[in-house]
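The values are calculated or read from the model by the stated rules, or taken from the named source; none is laboratory data. Since the model is a prediction, treat every value here as computed from it, not as a measurement. Quick reminder, even Gly has a Cβ in these numbers, built from the backbone with ideal geometry, and neighbours come from all protein chains shown. The protein model used for the area step is the full one, side chains on, heavy atoms only, and it has no ligands, DNA or RNA in it. Shrake-Rupley method; radii C 1.70, N 1.55, O 1.52, S 1.80 Å.
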Amino acid sequence: LNQKPKAAVEQEKPAEAPGETTPGHKSEGVAVQTPQQDFKFPWYLGLVREKIGQNWRPPPDAQDAKARVIFKINRSGWVGEVNLDEEHSVGTYGFKAAAIRAIRSSNPFPPLPEDFAKQSLEFSVDLMAE
């Protein structure tokens, strides 16, 4: 397997459609974004992406698959409900289950930034078989 260093791939992810907004980060099959327009902490999105990336184990037969997972992180870093966005997910049951497992295995995340005023933050994560 030819793997690139994760830090070298870090970049802003453009908005894909109305309602899917930046800020966002993408790396090695894991793209993280939040619909929160005023979230000014791209370094935090990077931490979330890296942690999920460490737990992302796509099944070997999952070519061209993508799963979008929606979840919230509370102030202390704990994940609440984790949901698969079926409308934006393509792949086998095993692939989608692996995507949800990657989020749950990453719990807890670092606490939300102190300067972020809200009690929780919603995330949208696209997991791809790369």
Determine the alpha carbon to alpha carbon distance for each of Lys40/Lys96; Lys51/Lys96; Lys96/Lys118 and list only those over 24 Å.
Lys40/Lys96; Lys96/Lys118
Accessible surface of Trp78 in the full protein assembly, 1.4 angstrom probe, to the nearest 10 Å²?
130
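How do 71-77, 29-35 rank on mean C-beta neighbours within 10 Å, highest first?
29-35, 71-77
Under a Cβ-Cβ cut-off of 10 Å, what is the net charge of the residues other than Gln119 that fall near it, where Lys and Arg count +1 and Asp and Glu count -1?
Details: positive: Lys72, Arg75, Lys118; negative: none.
Around Gln119, the surrounding residues sum to +3.
Between Asn83 and Gln36, what is the FRET efficiency for a Förster distance of 25 Å, r being their Cβ-Cβ separation, to the nearest 0.05?
Values: r = 17 Å, r/R0 = 0.69.
The pair Asn83/Gln36 has a calculated efficiency of 0.90.
Treat every Asp and Glu Cβ in the stretch 34-130 as -1 and every Lys and Arg Cβ as +1, leave all other atoms uncharged, and give the resulting dipole magnitude about the Cα centre to the nearest 20 debye. Write out the running numbers ahead of the final one.
Working: 12 positive and 13 negative charges, 61 e Å.
Dipole of the stretch 34-130, to the nearest 20 debye: 300 debye.
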